[in-house]
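The values are calculated or read from the model by the stated rules, or taken from the named source; none is laboratory data. These numbers were taken from a predicted model, which means no experiment stands behind them. Note that each Cβ is placed from the backbone with ideal geometry, even for glycine, and that neighbours are counted across all protein chains shown.
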Amino acid sequence: MRYHEYFKAFAFCLVWLFAVITSHNSTKAQARRYEIICSQNLWSASFDSVMSQIGVTEKTGNNDGEQIDKYLRPVGLRRVAYCYAGQYWGFYVAAGGNKSKVPLLNSALASAAFNYSKINGWLSPIVHPQPLDLIFWKFSRTPFGHAARIIAVNRAGWIETIEFNTTSGNTGNQRDGGGVWRRKRNIRYPLGRMGLLGFIGRKK
């Protein structure tokens, strides 16, 4: 393993540790919406980027394939869960490949990305999720979870999302599935064994 690979592994461990430290308090708190600074153009273009990937599937069902590698490349990883990395990739592409213009945490760990935006953003006066928001779920007492982008907000807690690393239906692993799909979720109920962590929107 070369020096830069050691460095990437060390950096990933630091991000993982950060998520572990903050995970206990995060799951106890009520899910809230936070806002980050991002231009309207980048916010919209990143959404268009992820929407264009609907229907992409893994090569062998092991977080692999040319498209999957593309999502993970900006965060410096391969063959790992990519639910949040895919969302980050949407911003990365919309920013012309310039990571300094991406307002999100450069990571593959969804809960760490949420905590980063929570700490560096603002508590939103808007309580309910909005179209184009990012939404995050997390297992209790672990740093692992799931991320998605909201397409539409409907009645009775139902939302429509675009998700990476999920399945096309209600069966199978919802946070480590085989592709990129449009899904329906209800924010009033857990996603499997994951609780709702919160939402990240754009500060206007």
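Quick notes on this one:
- Within region 121-132, tally of residues that are touching a residue at least 24 places away in the same chain (Cβ under 8 Å) and closer than 21 Å to residue 83 by Cβ: 4
- Subset of region 69-86 (residues that are farther than 22 Å from residue 138 by Cα and buried (at least 18 other Cβ atoms within 10 Å of the Cβ)): 74
- All positions within region 69-86 that are under 18 Å from residue 115 (Cα atoms) and in contact with a Leu (Cβ under 6 Å, 6 or more places away or on another chain): 82, 85
- Members of region 152-180 found to be within 14 Å of the chain's Cα centre (by Cα) and hydrophobic (A, V, I, L, M, F, W, C), listed by number: 162, 164, 180
- On inspection, residue 61 fails the criterion of being in contact (Cβ under 8 Å) with a residue 24 or more places away in the chain, small (Gly, Ala, Ser), buried (at least 24 other Cβ atoms within 10 Å of the Cβ) and outside any strand (DSSP E or B).
- In region 44-58, the residues that are within 14 Å of residue 181 (Cβ to Cβ), surrounded by fewer than 18 Cβ atoms within 10 Å (Cβ to Cβ) and not hydrophobic (A, V, I, L, M, F, W, C): 52, 55, 57, 58
- Residue 73 part of a helix (DSSP H, G or I), in contact with a helix residue (DSSP H, G or I) (Cβ under 9 Å, 6 or more places away or on another chain), free of Cβ contacts under 8 Å to residues at least 40 places away in the same chain and among the charged types (D, E, K, R): yes
- From the list 59, 99, the one residue that fits, being in contact with a Phe, Trp or Tyr (Cβ under 7 Å, 6 or more places away or on another chain), of a type in the set (D, E, K, R) and either farther than 19 Å from residue 167 by Cβ or at pLDDT 95 or above (or both), is 99.
- Count of residues meeting criterion [of a type in the set (Asp, Glu) and either touching a Cys at 6+ places or on another chain (Cβ under 9 Å) or at pLDDT below 95 (or both)] in region 152-172: 1
- Of residues in region 141-169 being of a type in the set (Gly, Ala, Ser) and farther than 23 Å from residue 80 by Cβ, the one surrounded by the most Cβ atoms within 10 Å (Cβ to Cβ): 157
- So residue 136, is it assigned to a strand (DSSP E or B), of a type outside the set (Val, Ile, Thr) and either in contact with a Pro (Cβ under 7 Å, 6 or more places away or on another chain) or surrounded by fewer than 20 Cβ atoms within 10 Å (Cβ to Cβ) (or both): no
- No other residue among 70, 118 is of a type in the set (Lys, Arg), within 18 Å of residue 179 (Cβ to Cβ), within 16 Å of the chain's Cα centre (by Cα) and at pLDDT 95 or above apart from 70.
- Tally, over region 140-186, of residues that are out of contact with any Asp or Glu (no Cβ under 6 Å at 6 or more places or on another chain) and part of a loop (DSSP other than H, G, I, E, B): 17
- In region 105-124 there is no residue that is among the β-branched types (Val, Ile, Thr) and surrounded by 13 or more Cβ atoms within 10 Å (Cβ to Cβ).
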